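Q: Quick one: structure below, then a few questions.
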Amino acid sequence: MNTKPHQLEETIEKKSQLKPKLPKNYKVILLNDDYTPMEFVVDVIQKVFKKSYDEATKIMLQIHTEGIGICGTYPLEIAETKMNQVLNLSKESQHPLQCILEKI
Ligand code: TYC
């Protein structure tokens, strides 16, 4: 290995220029449970994910029948904020509604 340090640095720099890192997106997923009222879930989806009443109802029913549902996909920081908003609203109202993130 006779590569001079500065040449090595250049090679590394070129490689990282060729492979720019794309920010990863995360799915924000709501989980079903037996206790949270349907209207509460619809309300949360409308507020946090800016969905219409009809779209929010569709997502809620999908969660109710399938067990999980995707409310949206966002860059990590935004996905985390939305997950925390759901968890805070749910805790405030003493419902067990759960929300998780999944990397795409
Ligand atoms: N399964 C709940 C009920 O029958 C409704 C519900 C839907 C709860 C979606 C959570 O993420 C959820 N009241």
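Q: Go through the stretch 81-104 residue by residue and tally those that are β-branched (V, I, T), assigned to a helix (DSSP H, G or I) and within 15 Å of the ligand (Cβ to nearest atom).
A: Result for the stretch 81-104: 1.
Q: Hey, can you tell me all the residues within the stretch 46-69 that are surrounded by 14 or more Cβ atoms within 10 Å (Cβ to Cβ), more than 9 Å from the ligand (Cβ to nearest atom) and in contact (Cβ under 8 Å) with a residue 24 or more places away in the chain?
A: V48, F49
Q: On the given criteria, is K103 among the basic types (K, R) and surrounded by fewer than 14 Cβ atoms within 10 Å (Cβ to Cβ)?
A: Answer is yes for this residue.
Q: Here's a check for you: in the stretch 23-38, which residue that is more than 9 Å from the ligand (Cβ to nearest atom) and exposed (fewer than 13 other Cβ atoms within 10 Å of the Cβ) is farthest from L101 (Cα to Cα)?
A: Among those that are more than 9 Å from the ligand (Cβ to nearest atom) and exposed (fewer than 13 other Cβ atoms within 10 Å of the Cβ), it is P23.
Q: State all residues of the stretch 70-80 that are more than 12 Å from the ligand (Cβ to nearest atom) and either surrounded by fewer than 18 Cβ atoms within 10 Å (Cβ to Cβ) or among the β-branched types (V, I, T) (or both); if no residue qualifies, say none.
A: T73, P75, L76, E77, I78, E80
Q: Turning to a different aspect of this structure: Within the stretch 82-94, which residues are out of contact with any helix residue (DSSP H, G or I) (no Cβ under 9 Å at 6 or more places or on another chain) and polar (S, T, N, Q)?
A: Those that are out of contact with any helix residue (DSSP H, G or I) (no Cβ under 9 Å at 6 or more places or on another chain) and polar (S, T, N, Q): N84, N88, Q94.
FYI, it's all coordinate maths here, none of it is from the lab. Worth saying up front: this structure is predicted, and the values here are computed from it rather than measured. FYI the Cβ positions are ideal-geometry reconstructions off the backbone, even for glycines, and counts take in every protein chain you see.
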